[in-house]
Amino acid sequence: MSFPASKSKMKRVRKTRGSANLKPFRPQLTSLVDVMTIMLVYLLKSFSAEGEIVTVSKDLMLPESSARKKPKVTVNIVVNKSFIMAEDERLAEVDQVLSTDDMLIPALNEWLRQRREKTERIAQYSTDTKFTGDVTIQGDKRIRFRLLKKIMFTCGQQGFNNFSLAVRKKEDS
């Protein structure tokens, strides 16, 4: 036995009563702006440009130092047990350089000459750039002093006389 559908107003009232309480969700725009501003300030603070500018190769063991001077962007020469590299370009083998009595390293000398000429050419057209002769040497702490001396002599022949040696910060005990 079936009952006929109700024709009363109560059915329509029930349908509208539940939806009358629902309102669309609207986030507060000012709180979202505040959160985004705080996140931006935090990220800018943690990723400041004052950090390490020099990228150290994985196979290098830099000597430790208590120096507090911050690194700056210069010509970068990397010396490990096997090779001498300038700006990630392999120039000479360490064994070959140490086997000669000549103080000048020809491949490094040529690379530095080209770098100096490019910088001087740019300096003719730009007031922001000038040749300063700054060079950073990242030398493994196990390299021989004779090799370091040859590298410094070669740099000096091309006017790169402002040497900086890359070191690790000594851990405070």
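The values are calculated or read from the model by the stated rules, or taken from the named source; none is laboratory data. Bear in mind that the values here come from a model prediction, so they are computed numbers and not experimental data. Note that each Cβ is placed from the backbone with ideal geometry, even for glycine, and that neighbours are counted across all protein chains shown.
Candidates are the residues of segment 56-100 that are basic (Lys, Arg) and more than 18 Å from residue 145 (Cβ to Cβ); the one that is modelled with the highest pLDDT is 90. Taken over segment 85-108, the criterion of being buried (at least 16 other Cβ atoms within 10 Å of the Cβ) and in contact with a Ser or Thr (Cβ under 7 Å, 6 or more places away or on another chain) is satisfied by 94, 105, 108. Scanning segment 134-150 for residues that are surrounded by fewer than 18 Cβ atoms within 10 Å (Cβ to Cβ) and in a strand (DSSP E or B) turns up just one, 134. Residues considered: 153, 131, 160. Of these, the only one that is at pLDDT 90 or above, over 22 Å from the mean Cα position of the chain (by Cα) and assigned to a loop (DSSP other than H, G, I, E, B) is 160.
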